[in-house]
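The values are calculated or read from the model by the stated rules, or taken from the named source; none is laboratory data. Since this is a predicted model, take the numbers as computed values, not measurements. Cβ sites come from the backbone with ideal geometry, for glycine too, and all protein chains shown count toward neighbours.
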Amino acid sequence: MHGAGTRGFTYYYPHERRGTAASDQIGILPRLKGNAVHDNWQPYMKYECSHSLCNAHHIRELTGVYEQGGQPWAQQMIGLLLESKQSVEQAKEDGKKRLSAADIHKYENRYRTIIADGMRANPPPSRAQSRVKRGRLKRSKACNLVERLDRLEKQTLRYLHDFRVPFDNNAERDIRMMGVQQKVSGAFRSYEGALAFCQIRSFVSTVRKQGVSVVGAIVAAFEKDLTLKECLQIS
């Protein structure tokens with residue numbers, strides 16, 4: 001089940017594949033001119049739109065590193081992300097279009113200092129200390145996380161530079177009920193049934209985001225044979 005969402009629209013689509021083949025067929029990411037917020041699923045990265053990473057995902061991973069591994073840098077990074085998020089929200093409430101250069105510089109410097117602490121706590125594995133003589137050496141989850149945050153700093157902190165970019169992935173909320181449906185009802189009996197369900201849920205979710213009566217839109221769609229766009233225009 002694939003999902004894409006903005007503040008005003010939702011789209012769901014079922015596909016047998018999880019990666020590029022599905023995204024290409026859906027057609028949203030190949031044509032996107034704006035910014036995609038996601039969980040760093042690698043097939044997304046091939047598309048030429050700008051990318052930012054969901055910090056709700058990062059906070060969950062950082063919480064695991066701190067609670068299971070007791071690594072202070074992870075808790076410090078959570079604090080930094082939440083503090084900077086609050087600063088952005090306050091700036092928006094004050095009518096500002098961006099953070100000051102000094103504030104951005106401050107947060108970026110703290111980010112890099114915490115990353116350096118994380119790197120020291122999670123050095124890359126050494127071939128000399130490993131029994132594995134060939135191939136890629138396995139890294140811990142904490143090591144992978146801190147290296148990713150270092151490598152993708154720009155994508156992680158994009159919300160600091162551009163207030164149009166959300167802190168986390170809004171589509172996560174859009175797909176929550178789809179996940180509940182799959183857990184409760186199980187698999188669909190046919191692809192056609194899954195496609196019909198996705199079309200209906202896309203319609204209902206979009207209508208709600210637009211502040212339109214769901215019942216009224218459904219009635220208009222059936223009685224007047226209207227498209228979603230036409231339903232939104234008359235409601």
Self-check item: Lone unmet requirement of (1) in the same structural domain as Ile59 (by TED's automatic domain parsing); (2) surrounded by 17 or more Cβ atoms within 10 Å (Cβ to Cβ); (3) of a type in the set (D, E, K, R) for Asp174
Solution: (1)
Quiz item: Which condition number in (1) exposed (fewer than 12 other Cβ atoms within 10 Å of the Cβ); (2) under 30 Å from Phe197 (Cβ atoms) is the one that His38 fails?
Solution: (1)
Exercise. Tell me, yes or no, whether segment 175-196 has at least one residue that is under 24 Å from Leu62 (Cβ atoms) and either at pLDDT 90 or above or touching a strand residue (DSSP E or B) at 6+ places or on another chain (Cβ under 8 Å) (or both).
Key: yes
Quiz item: Within the group Gln68, Gln86, Gln90, which residue is modelled with pLDDT under 95, farther than 18 Å from Leu152 by Cα and either assigned by TED's automatic domain parsing to the domain that holds Glu153 or outside any loop (DSSP other than H, G, I, E, B) (or both)?
Solution: Gln68
Exercise. Go through segment 10-46 and count every residue that is farther than 27 Å from Leu160 by Cβ, small (Gly, Ala, Ser) and touching a residue at least 12 places away in the same chain (Cβ under 8 Å).
Key: 3
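Conditions (1) over 27 Å from Trp41 (Cα atoms); (2) modelled with pLDDT of 95 or more; (3) loosely packed, with under 12 Cβ neighbours inside 10 Å, marked per residue:
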residue	(1), (2), (3)
Leu80	no, yes, no
Ala101	yes, yes, yes
Asn144	no, no, no
Glu147	no, yes, no
Practice problem: Output yes when any residue across segment 179-196 is under 20 Å from Glu16 (Cα atoms) and crowded, with 16+ Cβ neighbours inside 10 Å, and no when none is. | Solution: yes
Quiz item: Out of segment 47-66, which residues are within 15 Å of Lys141 (Cα to Cα), surrounded by 14 or more Cβ atoms within 10 Å (Cβ to Cβ) and without any contact (Cβ under 8 Å) to a residue 40 or more places away in the chain?
Solution: Ile59, Tyr66
